[in-house]
Amino acid sequence: MPALTLGTAVACGGAALVGGFIDAIAGGGGLLTVPALLLTGVPPHLALGTNKVSSCMGTAVALGTFARSHLVLWRLALAGLAFSLLGAWAGSLLALKVSSAVLGKILVGLLPVGMLLTLAPRREREAAPATLSGVRLWLLTPLVCLAIGVYDGFFGPGTGSFLILALHWVLNIGLMEASATAKVLNLGSNGGAVVAFIWHGSVFWPLAALMTACSMLGNWFGSRTAIRVGAGAVRRFLLVSLGLLLVTLIWRYFVAPQ
């Protein structure tokens, strides 16, 4: 295990705080925390495991805050959870056969579309759990969760943001409910990854403890901000998350030496 220096603690703790704030509202916090871990010299396998532990606990805090405000659509979340896990498993198998660079370059072209969708004016609506039934609940929900799960298992970055967009545009639920409900699906899929990382000893625990505390605080502030400001906060931070992902992918697949 590497030594935990003050510089690493400050950089990664700060990234976890800001990343947790963004993640609670619109997903994409890992686009800050994983680079911070790698740039401070944490080995890749420890960086991924440490990030998963802290982000998972932070997501649990955000989910609790949204649940107390009755924003989580539990029927939708429970109907899609198994398909999200199945998709992640299938995506991880697909990753063994197909280069992720291909998907990364495709996403660079598709991300501006997602950003335009986020900006597109749309009348917000309250999506009560009782309205989620029939085709929307039993067909569209599994398909959306399966597709996003495959992406998560195959590639991963920005999964939370894409899930919020998919719930909003395909299932026609409000951005606030989409952000809240996405936390259930994220927590389920990330929980399995956390168990695997811990089992294989791929967690830098001193740093994980610090980042977990910072992530939980950031997620708490972020979820409360989303509840107070409403769908406008989700829309603005979706643009931030998708913009971060776009810059990351352009650098990784078009600028940085291969």
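The values are calculated or read from the model by the stated rules, or taken from the named source; none is laboratory data. All figures in this text were calculated on a predicted structure; none of them were measured in a lab. Note: accessible area is taken over every heavy atom of the protein model, side chains too, but ligands, DNA and RNA are not part of it. Shrake-Rupley method; radii C 1.70, N 1.55, O 1.52, S 1.80 Å.
Overview of results
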{"item": "Kirkwood-Stokes translational diffusion coefficient of the range 1-92, alpha-carbon pairs, 25 °C, 0.890 mPa s, µm²/s", "result": "166 µm²/s"}
{"item": "On Cα atoms only, tilt of 231-250 relative to the major axis of the chain in degrees", "result": "50 degrees"}
{"item": "Overall dimensions of the range 51-92 as given by Cα atoms, namely Rg and Dmax in Å", "result": "12.5, 34"}
{"item": "Where the range 15-90 is the region considered: accessible area per residue in Å², 1.4 Å probe", "result": "39 Å²"}
{"item": "Contact order relative to length of the range 137-212, as percent, for alpha carbon pairs under 8 angstrom and 6 or more apart", "result": "21 percent"}
{"item": "Difference of contour (0.36 nm per residue) and Cα-Cα distance, I106 to H200", "result": "30.6 nm"}
{"item": "Overall form of the range 138-185 per C-alpha gyration tensor (a/c, 1.5; a/b vs b/c)", "result": "oblate"}
{"item": "Accessible area per residue in Å² at 1.4 Å probe, computed on the range 133-189", "result": "29 Å²"}
{"item": "Percent accessible area from carbon and sulfur atoms, the chain, protein chains only, probe 1.4 Å", "result": "74 percent"}
{"item": "Anisotropy class of the range 185-258 from Cα gyration tensor, a/c 1.5 cut", "result": "oblate"}
{"item": "Gain in span if fully extended, H45 to R68, counting 0.36 nm per residue against the direct Cα distance", "result": "4.8 nm"}
{"item": "Ratio Rg/Rh, restricted to the range 133-244 and using Cα atoms, in which Rh is the Kirkwood radius", "result": "1.00"}
{"item": "Kirkwood Rh and Cα Rg combined as Rg/Rh, the chain", "result": "0.95"}
{"item": "Global geometry of the range 21-169, whether rounded, prolate or oblate, following the gyration tensor of its Cα atoms and the 1.5 cut on a/c", "result": "prolate"}
{"item": "Contour excess over end-to-end distance, with Cα ends at T225 and L119 and 0.36 nm allotted per residue", "result": "36.2 nm"}
